[in-house]
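*Asks:* Have a look at this one before I ask anything.
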Amino acid sequence: MAGEPWLARPEERSRVLVHDPALPRRVRPRLAEQIRANQRAGWTVEVVAGPAAPAAARDAFARAYAETMTRTGAAERYFFERAYLDAALRFERSWLLLARRAGVAGAGAIAAAGDGHLHYFLGATADSARDASPFKNVVAAMLDLADQLTLPLNLGGGIAPGDGLERFKRGFANSRAAFRVHRVVCDPDAYARLTAVTAAPDAAAAPDAAARGAGDFFPAYRAPAISG
């Protein structure tokens, strides 16, 4: 076929933090010390393939995730229903990681492999385990899983550059990578309705430009100025 590929020219949105098994592991000394302290206190991490994760383990993660989103004041769209979490764990290359002490789950994460990487997807810490903060043990187990799979682990970044979440993830990373995205609108009319604006005549070519007040935010209907 002649011409430029449909999804050519991706846009570099940010840089993500990575643990690369081909490089020496780099865990911040203070984090490594806290991980060892949690292990001495009885915290262990179980790693189970997503499709094989028992209902009780999924329940524990779902509870911890809901508590985490409530505690952090997350937007409503981040409160995923249990059916969504179950669907994610049905993926054949997904894993559920749970940190437990005395049989009680205190933190967990979902990871999935694709495109030559292991991706950290969702994470959570139960309210009852905040003092111990065993999620750092979960991340260490994710590093082990990446090493076993010989896949780089995409830890992602923060909500904003340099925030606490990014600083935490940086404590486990030994590399960085570019995070590239495409801006694709398959239904300009629906896009215009969602952003509550009247699409401009050239909206089919650049429908996001028609979303007034959203600036460069994409998708515009999720821009803070519109969605609150």
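*Asks:* Report, in debye and to the nearest 20, how large the dipole of the range 11-181 comes out about its Cα centre when Lys and Arg carry +1 and Asp and Glu carry -1 on their Cβ.
*Replies:* The dipole magnitude comes to about 500 debye.
*Asks:* Something else about it: Going by how many other beta carbons lie within 10 Å of each one, how would you line up Thr44, Thr68, fewest first?
*Replies:* Thr44, Thr68
*Asks:* Taking mean projected area of the Cα convex hull in nm² straight from the coordinates, which label in (1) 15.1; (2) 12.5; (3) 24.4 is the correct one?
*Replies:* Answer by label: (1).
*Asks:* Can you give the FRET efficiency for Glu92 and Ala41, using 1/(1 + (r/R0)^6), R0 = 35 Å, r = Cβ-Cβ distance, to the nearest 0.05?
*Replies:* The formula returns an efficiency of 0.55 here.
*Asks:* Could you order the peptides 155-166, 133-144 from most to least packed, using the average number of other C-beta atoms within 10 Å per residue? Provide the component values of the computation, followed by the final result.
*Replies:* Working: 155-166: 14.4, 133-144: 22.8.
Ranked from most to least packed, the peptides come out as 133-144, 155-166.
Laboratory data are not the source of any read-out in this text; all were calculated from the coordinates shown. If you're wondering where the values come from, they're calculated on a predicted model, not measured in any experiment. Cβ sites come from the backbone with ideal geometry, for glycine too, and all protein chains shown count toward neighbours.
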